[in-house]
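For reference, the structure discussed in these notes is given below.
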Amino acid sequence: MAAEANGNLANEKAPETVGVGRYVEMEQDGDSSTVKSRLSGLLWHGGSAYDAWFSCASNQVAQVLLTLPYSFSQLGMLSGILFQLFYGLMGSWTAYLISILYVEYRTRKEREKADFRNHVIQWFEVLDGLLGRHWRNVGLAFNCTFLLFGSVIQLIACASNIYYINDKLDKRTWTYIFGACCATTVFIPSFHNYRIWSFLGLVMTTYTAWYLAIASIIHGQVDGVKHSGPTKMVLYFTGATNILYTFGGHAVTVEIMHAMWRPQKFKAIYLLATLYVLTLTLPSAAAAYWAFGDELLTHSNALSLLPRTAFRDAAVVLMLVHQFITFGFACTPLYFVWEKLIGLHDCRSLCKRAAARLPVVVPIWFLAIVFPFFGPINSAVGSLLVSFTVYIIPALAHMITFRSATARENAVEPPPRLVGRWTGTYMINAFVVAWVLVVGFGFGGWASMTNFVHQIDTFGLFTKCYQCPPPPLPPATPLPFPGGLSNITMPFAGGLPPAAAPSPAHFLHHHRHHSHGL
C-alpha cells in the first residue's frame, strides 16, 4: 500500500508532457518524512505555480517601485497611468510567448530523449533549438547584457536607499559594502531554491508601496506644488521607457519555468502577477506625484522626499533586503551561463560552483560604481536592452518558429481563440515589434541616452554621492581682532601704515571676485 501511495504521489507531481527539471544536488535522499526534509521542502524547494507567481511578482516590481513617481513627474499623471496599463499588458503577452516557446523546445528535445535533470534550460538555448545559432547569439548577447545591468541597478538602489538611514557614509562607499553582501547569492543553486525569498520579497515591496501611497497622502501637497509634466519630449520618453523596464522583468521567465513541476501552468501566471503589481505601482506613484509634483524631477528616489520616520526606515530596510533578493534573480541566469562556459554547470559540489561564480560579481560591482545614476539608468537599460530582450525578440521568434503550416499544426500549445488563433497572434506580435522598435527603442533610446549623458556631464563618472544634498555650511565665526580688519598690520618687510591696510569692503570685493571665478 505504501509503495502504491508513493507511486500515486509521484504520478500526481509528474507533468503531463514536460518532465521535472531539477539539479541532482537538490534531490533529497533517504526518508522524506523527516523534520529536516519537511522544513527544507517548506522553505527551500519550490516548484509549484504559487512559487512561480511569487517569483514573477517579486522580481517584476523590485526597486523600480521607487522610481515610478519620478517617471510620473516626467510623463504627467494621465500618461503615467496609461503607460503602466499598456506596458503591463504587453509584458504579459510577451511572457506568454516565451512560455510557449519554452514548452515547444523542451517537448521536442524530450522526444529526442534529452535529459534535463541536471541542466537548467535558458532562453538562448530555446532560441538555438528552435531557430539556430544566429538567434542564439543575439539572444545571449541581449539577455546577458540586460541581466548584467539589472544587477548593477540593484546595487545602485541599495546604496541610494541606505543613505537615507545613514548618511555618515557616501553612496559610493555603501555600494562597496552591498556589493560584498550581494556576492553571497552565489550560494543559491537555482530558482528552485527561492521559495521563501520570493514570498518575503513580495511582502516587503507590498509594504513599501502602500507606505509610499499612505505617507504621501498624509504628508499632503507641498507648498506651491506644480504638476507641469509633460514639458519636454526627452523627459516624456525617458519616463515611458522606465515603465517599459518596469514590466520587462521576464528575462528570467525560462529559468523560473524550468524550476516548476508543471511548466505548462505558467501561461497565465505572469498576467496574474502583473495585475497584482499594478495594485502596488499605480497608487504609490500617483499619490507621490500628487503630493510632490515637479520636485520629483530632481529626486529619482521617492523616499528622499518623505520625512524620516520609523515607518520610512522600515520601508528602506525592507527594500534593501528585497534588492538583495532581486540581485540574485538577475544574477542567477548569468551564473548559469558562466558555469556552462567553464564546464561546471553539472558539478554536484555547491561550494565549487559558488567559488566559480564569484568572477561574475566583479564587473557588476565595478559598473555600479562607474554609473551610480539611480533612475536614469533604468530608462537607458529599458530602451536599449529590455526593448529587444523581452519584447522584440520573443515576438519575432514566435512568428518565425510557427511561420509554416506544418509547425502550426504540430504546435504543442496553439494560441487560444480569445486572441484570434494564429492570425490574431501574428497581428499582435507585429504590433509589439513595431511599437517597441519605434517608441521604445527609437524615441526612448534617444531620450534616455540624452538624459543619461546629461547626468554624466552634471555629476561625472564615479561620482561619490549622486543627488545627495549639499553639506551644510559651517557657521560664520567673528574675526578675532578688536576693531575689525582696519587694525591689522600686514607682515611685510617694514609693514604697511595703518592707512594702507585693506578695508573690509575691499576684502569682501576681492573674495567675491575670486569665488565667481571658481
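Descriptive notes on the structure:
- Residue in the stretch 451-470 that is under 26 Å from Ile243 (Cα atoms), hydroxyl-bearing (Ser, Thr, Tyr) and modelled with pLDDT of 85 or more present: no
- From the options Lys113, Lys109, residue that is in a loop (DSSP other than H, G, I, E, B) and among the basic types (Lys, Arg): Lys113
- Filtered by the rule that a residue be more than 28 Å from the chain's Cα centre (by Cα) and within 18 Å of Arg262 (Cβ to Cβ), the stretch 116-133 gives Phe116, Arg117.
- If the condition is being in contact with a Gly (Cβ under 7 Å, 6 or more places away or on another chain) and either modelled with pLDDT of 90 or more or open to solvent by 40 Å² or more (accessible area, probe 1.4 Å) (or both), then the stretch 255-288 contributes Trp261, Thr274, Leu278, Ala285.
- Pick from the stretch 120-175, criterion of a type in the set (A, V, I, L, M) and in a loop (DSSP other than H, G, I, E, B), ranking: most open to solvent (accessible area, probe 1.4 Å): Leu169
- Among the residues listed as Lys113, Lys109, the single one being at positive phi and not acidic (Asp, Glu): Lys113
- Matching residues in the stretch 67-86 - criterion: being of a type outside the set (Ser, Thr, Tyr) and buried (at least 17 other Cβ atoms within 10 Å of the Cβ): Leu68, Pro69, Phe72, Gln74, Leu75, Gly76, Gly80, Ile81, Phe83, Gln84
- Options Arg408, Arg348; residue that is of a type in the set (Lys, Arg), open to solvent by 20 Å² or more (accessible area, probe 1.4 Å) and farther than 24 Å from Arg136 by Cα: Arg348
- For the residues Met399, Met449, Met427, the requirement of being open to solvent by 20 Å² or more (accessible area, probe 1.4 Å), touching a residue at least 24 places away in the same chain (Cβ under 8 Å) and out of contact with any Phe, Trp or Tyr (no Cβ under 9 Å at 6 or more places or on another chain) singles out Met449.
- So Val252, is it touching a residue at least 40 places away in the same chain (Cβ under 8 Å), exposed (fewer than 15 other Cβ atoms within 10 Å of the Cβ) and out of contact with any Asp or Glu (no Cβ under 6 Å at 6 or more places or on another chain): no
- Single residue of Val234, Val203, Val186, Val222 found to be open to solvent by less than 10 Å² (accessible area, probe 1.4 Å) and in contact with a helix residue (DSSP H, G or I) (Cβ under 9 Å, 6 or more places away or on another chain): Val186
- Listed by first and then second residue, the pairs with beta-carbon distance under 9 Å, at least 6 apart or on different chains, first residue in the stretch 95-123 and without any contact (Cβ under 8 Å) to a residue 40 or more places away in the chain, second assigned to a helix (DSSP H, G or I) and of a type in the set (D, E, K, R), are Tyr105/Glu125; Tyr105/Asp128; Ala114/Arg106; Ala114/Arg108.
The values are calculated or read from the model by the stated rules, or taken from the named source; none is laboratory data. Fair warning: this is a prediction, and the values are worked out from it, not measured in the lab. Glycine gets a Cβ as well: all are built from the backbone with ideal geometry, and neighbour counts include every protein chain shown. For accessibility, only protein heavy atoms count, side chains too; no ligands or nucleic acids. Shrake-Rupley method; radii C 1.70, N 1.55, O 1.52, S 1.80 Å.
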